[in-house]
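Heads up, the thing below is written out as structure tokens.
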Number of protein chains: 2
Amino acid sequence: MTARRAASARATINDVAAVAGVSRGTVSRVLNSEAYVSEAARLAVTDAISQVGYVRNSAARNLATRQSHAVGLVVHEPHSLFLEDPNIGSILLGINSALSDADYQLVSLVIDSERDSHRVAEYLSGGFVDGVIIVSARAHDPIAEVVAELGIAAAFVGHPVDIEGIPYVGIDNFSAAKAITTRLKETGRRRIGMIAAGLDRDSGQDRMAGFRAAMGDDFDPELVITTPLYAHTSGVDGMRLLLDRAPDVDGVFAASDAMAAGVLDVLREVGRSVPGDVGVVGFDDSAWATRAQPPLSTVHQPAGQLGRRAAESVLAQLRGETVDTAGIFLETAIVWRDSA
Amino acid sequence: MTARRAASARATINDVAAVAGVSRGTVSRVLNSEAYVSEAARLAVTDAISQVGYVRNSAARNLATRQSHAVGLVVHEPHSLFLEDPNIGSILLGINSALSDADYQLVSLVIDSERDSHRVAEYLSGGFVDGVIIVSARAHDPIAEVVAELGIAAAFVGHPVDIEGIPYVGIDNFSAAKAITTRLKETGRRRIGMIAAGLDRDSGQDRMAGFRAAMGDDFDPELVITTPLYAHTSGVDGMRLLLDRAPDVDGVFAASDAMAAGVLDVLREVGRSVPGDVGVVGFDDSAWATRAQPPLSTVHQPAGQLGRRAAESVLAQLRGETVDTAGIFLETAIVWRDSA
DNA sequence: GCATATTCTGGGAGCGTTCCCAGAGTCGAT
DNA sequence: ATCGACTCTGGGAACGCTCCCAGAATATGC
């Protein structure tokens, strides 16, 4: 077990104290940048630390403080989340960045949905993590309910849920939808349709409301096609229906890039040029947008910031601050590419 | 600080011992399923555990064992990895699954490339993780070099690298490329071209070699276009070049789905039907494949297994087993969709 | 100059485990 | 009966840190 020997050879706080000529307590105070340490002592300690190559043992610290200094990222229903959410990577990076700034670790909590919520509760209450971030929770999410019940520091990123007392970070879907629709109008489009989806959630409702607000008097309910899913096929079906209803349509706002890609496919099929005959815009700024032909104009989500802010909220709760549970809405930006 | 009080109210091993009427040592033995525990004692302990709701304190255990029971997933150059690798999500899930089976935690080690390798070394030698998994390392990867130097339990998933002594898990690019090309021939294609990429790595070389092997006497070096990147634009440029050289081409093997999508775009542009006039196959079975028009026939990578096997290798090293550093190659499968 | 507040330091105690040694109990062979 | 080997158990001693108390050193006010 050379590995174990090597590990135990690591310098401890006592080694640092000995080299610096101070006590354990003083080293600890320097490490945690507490007050009441003389400048001379601080210098001696920092010198000693680099001299002996000291690295703090997090297990010992966690044991003594009764905190794990870790925040969990709950990943339930793994496949849909990791494989479909276009922004998950950036969100994760944002979370990690905020966490490591505060000397916290990100641990992945992949929850197997077949296991009951008791197991989840055990995990969460077991001290493995001090707080938790939940991405894209659904309504009546069992994990979210456990978190709320346990009163653990937590934050949602993505869509607001029906659980009180847990802050969330999202985007202002209404304003974003309104803005991109307005710009569509400003490019001269008159008969603008929308392919809406996810109306069982606030995000979906808000996108539709934003569209409606932007259209003002020009709003024609006939031109709004509602579909359940944000999927590519929904875009295809929706666009076919829209063309049936309004052959003279010259603009389309699809509530996701995936749907917008479907819209594009249908338009190509029927021989309408984009953006010549019809302007098309999407939502998400996911990989669909850049891969589409032509590349989609769409609403960019500040995914990294979404993650970062959620992490910061958890961190604030951990510091004992009372955070606003009303939710944080981040600004979106419109990316103009070639489709409109 | 109610949270802290709640946390300290957790049952400890002593509480369990008291309820079970045995000693601390016996409880620990049961917890770690060691030998030399009477059936009566074991039963009493397990009963007591569920009675008091005991959850093991990992910090204390980590401190005592000098192990973190965590494995890090090194994420360097965050964006390219998380946002571009089509299989990263599944790999992560596979890793996590193997790790949690063995009671290990996955911690995300996002390395900011601006920080020097000393910091990485500190992280790795700091006892935060017992082992490390590196996805898609590049040649002369500084982190990989640090890992090799430190002798930490580690594994690569994806491409083999030029570093000795660290096992990796990948796919057999040669056989996969050969297989899909063979099937392309079997569908009656005669003039088959290839858009190759990434020839500076084994994976790229192997895919090209597999193509060549499958073509046998029909191999025509003129029909192999080499490009540096696996990108969509490489596919577009490559296909244009290929059409110039061989207008009669009736089959194309692109070394990635992204490139195959580019190939498709060019063929549509020039009015060739797929798979009618030209059969097209890709590699990866990424989201590109299903989103393409028509959906791509391609080589499926067992991404989840890739992650799982890498994690298992690290776990084996941690158990002190000597693992084969020659590399593990997993079987691929060909997915037939509509493009060939 | 003295009392008092403030800054700084040392080190005991404890966090909840595992490790390991010593000893008690059990069993079969002599 | 006696011995040795094996099975099982209890509990002291770490692991490396933080917390906190007591006391020393220094600054401040009268």
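The values are calculated or read from the model by the stated rules, or taken from the named source; none is laboratory data. Given the structure is predicted, the values throughout are model-derived calculations rather than measurements. A quick note on method: Cβ atoms are made from the backbone with ideal geometry, for glycine too, and the neighbour counts reach across all protein chains shown. Ligands, DNA and RNA are excluded from the accessible area calculation, which covers all protein heavy atoms including side chains. Shrake-Rupley method; radii C 1.70, N 1.55, O 1.52, S 1.80 Å.
What the table shows:
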read-out	value
Residues in the range A:170-197 reached by a label modelled at A:VAL270 [backbone nitrogen below 18 Å; 7 Å Cα→Cβ]	A:189-196
Label point 7 Å beyond Cα along the C-beta direction, distances from B:ASN32 to other copies (nm, shortest first)	2.9
Number of partner chain Cβ atoms within 10 Å, mean per residue of A:90-97	4
GNM top mover of A:ASP257, A:ASP101, A:ASP15 - chain A, alpha-carbon springs below 10 Å	A:ASP15
Position A:ASP101, label points 7 Å along Cα→Cβ, spacing to each other copy in nm (shortest first, one decimal)	3.9
Shielding by partners - mean other protein chain Cβ count within 10 Å, residues of A:55-66	6
Share antiparallel - DSSP beta bridges, chain B, percent rounded to 5	10
Area accessible to solvent at B:SER28, 1.4 Å probe radius, in Å²	40
Residue-level accessible surface for A:LYS178, protein heavy atoms, 1.4 Å, Å²	80
Fraction of the pair-distance distribution of the range B:143-188 above 18 Å, Cα-Cα pairs, percent	47
Selected from B:ALA41, B:ALA213, B:ALA176 as most flexible by GNM, with chain B as the system and alpha-carbon contacts under 10 Å	B:ALA41
Solvent accessible area, Å² - B:GLU145, 1.4 Å probe, full protein context	80
Per-residue [θ]222 nm for chain B (sum of -39500 (n - 2.57) over DSSP H runs n ≥ 4, rounded to 500)	-13500 deg cm²/dmol
Residue-normalised accessible area of chain B, expressed per residue, 1.4 Å probe, Å²	44
FRET E, pair A:GLU331, A:ALA18, Förster distance 35 Å, beta-carbon r, rounded to 0.05	0.10
Order of exposure, largest accessible area first, which applies to B:THR181, A:THR325, B:THR227 with probe 1.4 Å	A:THR325, B:THR227, B:THR181
Axial C-alpha extent at least 15 Å, average Kyte-Doolittle at least -1.0 - helices from chain A (DSSP)	A:39-52, A:88-101, A:173-186, A:202-215, A:232-245, A:257-269, A:303-318
Across the identical copies, how the B:ASP244 labels are spaced - nm, sorted shortest first, 7 Å along Cα→Cβ	4.7
